[in-house]
1. Looking at 85, 410, 115, which one has the Cα that reaches farthest to the positive end of the dipole of the chain (charges on Cβ: Lys, Arg +1; Asp, Glu -1)?
2. Quick one: Karplus J couplings for segment 314-327, per residue in order, coefficients 6.51, -1.76, 1.60, θ = phi - 60°, nearest Hz, x for Gly and Pro?
3. Are there GluC sites (Glu not before Pro) in segment 158-257 that DSSP marks as loop and that have at most 13 other Cβ atoms within 10 Å, and which are they?
4. Applying a 10 Å radius around every beta-carbon, put 303-309, 318-324, 168-174 in order of their mean neighbour count, most first.
5. Normalized C-alpha radius of gyration of segment 162-259, against 2.2 N^0.38 Å?
6. Give me the three principal axis extents of segment 365-438 from the C-alpha atoms, as integers in angstrom, largest value leading.
7. Rounded to the nearest 20 Debye, what is the dipole magnitude of segment 28-163 about its Cα centre when Lys and Arg each give +1 and Asp and Glu each give -1 at the C-beta?
8. With an 8 Å Cα cut-off and a minimum separation of 6 or more residues, compute the relative contact order for segment 239-334 in percent.
Amino acid sequence: MRNKINNYGKYLCCGLVLLMFASCNDWLDVEPKSQVKDKDLYSSESGFKEALAGVYSIMTQEYLYGKELTFGMLGVLAQEWDNLPTDYTADKDYKYENTKPEVRIDSVWNGLYNAVANANKLLEEIDGKKSVFSGVNYDVIKGEALALRAFLHFDLLRLFGASYAENPDKMAIPYVTAYTPETFPQRTVKEVVGKVLEDLGASLEYLKNDPIYTGKTVTETDDNGYLLHRQVHLNYYAVKGLQARVYLYKKDYANAASCASEVIESGKFEWVKQSNLTDEKMADLSFSTEHLFALNVVTLGSRAEKYFSGSNSVFAVSESTLLGYYESAQDYRYLYQFKTGTGLSNTLRYLKKYDQLEGNGTTAWPASYRNKMPLLRLSEMYYILAECRHYTSGDVLAALNEVRHHRGVADLGEADVTDFDAVLLSEFRKEIIGEGQLFFHYKRLNLPMIKGTDADVIGQGVYKLPMPKAELQNPGWVSNK
């Protein structure tokens, strides 16, 4: 990828990027220098910690998972919003060639590969510096870096490549495994999925030393609490969950079900309790206990205020749309994750799951609820399990109803799931609105219609974002369309 990835050395020479997510851990309390030489950054364990944090930090930016790959561009492409900023009008109509969508899409491509480059630089350095690490930090940091490389490439594939359902042999994206100026060749969808699974498998071997897996108790006094708060890292079970997502993508239902079941049966992730939702000043708005993996975005509160406030120039749904999503007004998601507009906006409903609360005046809003941008959820594991059972054998209702039970809605019966694909789509949409996954669901199944638009999404090539024009100048590269 000579045009873009060859330039990534400059990002590292600038000291990675500013660490945009906060932590109570002392090791992150120091501002990184604006200029950090590789030999200094990778000469100590703290340098490797900072380098890994830098990859997560890139991911929190608005042009990636901090907006565009969650509630922004991907939410618009999935027709999640009835009301949206005018900047997204062309995106809503899938006019990718227009200036604003093109800039957004190019920034996604460059940003994700920038994060890949930083992960690769860490992986290039870490084996030669194994002696600088204490405890299990070498294994955990290397495992996370491998998992991040896989995570980022898989989303690049889901954005720019064909789906498995369309054509697993179609040329897609390069899988970049080294920090080098060399051009990497495009690979087919099938090849990229294979490389993703290879990295995830290697990652899990290292993450068998992850405290979330071993059950080892970690305190604030242990290495300044470095291995606390594993849900804001690609931990062992998050990687298992990602494996389940990838196996489902390639229709390997046996392995997808096995991985999803391991996450579920671990008992590490608790369903949100209604008692933690009813106090609107103290609510767990994003259902944080259910996150397998979330980014910690320290500016999430200001972004929520900017993009989900009571005006007509932000992301919102109408009350009628919302009632169409949630058949019961007692659904926890309907009750607690949306707020009503005021004045001229009183017919609009704004997502609350990213709002940051102040507490109830006597008790602070719990730190564990703050700044969470969920990228993998417990509920998705149940949806994966239900789909795998649908296409093989087994009880789909048990998995679907487990989620519904923890959302305060009635169980489905056999008669309700005769059109399983439609039911799964409906259940999934309720759960992950504003998280970027609905577009990928439509694409994975290569569905001919996206609810909310009459566009011919297959004929128009909607499911494959155009690669930056400069990339197609690389020798031997072909259009992903």
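1. 115
2. 10, 7, 7, 10, 7, 4, 5, 5, 4, 5, x, 6, 10, 5
3. 182, 220
4. The peptides rank, most packed first, as 168-174, 303-309, 318-324.
5. Values: Rg = 16.8 Å, N = 98, 2.2 N^0.38 = 12.6 Å.
So the Cα radius of gyration is 1.34 times the expected 2.2 N^0.38 Å.
6. Between the extreme Cα coordinates on each principal axis of segment 365-438 lie 42, 23, 17 Å.
7. It works out to roughly 340 debye.
8. 16
The values are calculated or read from the model by the stated rules, or taken from the named source; none is laboratory data. Not measured: the values here are computed from a predicted model. Cβ coordinates were reconstructed from backbone atoms using ideal geometry, including for glycine residues, and neighbour counts include every protein chain displayed. Surface areas here come from the heavy atoms of the whole protein model, side chains and all, with no ligands, DNA or RNA. Shrake-Rupley method; radii C 1.70, N 1.55, O 1.52, S 1.80 Å.
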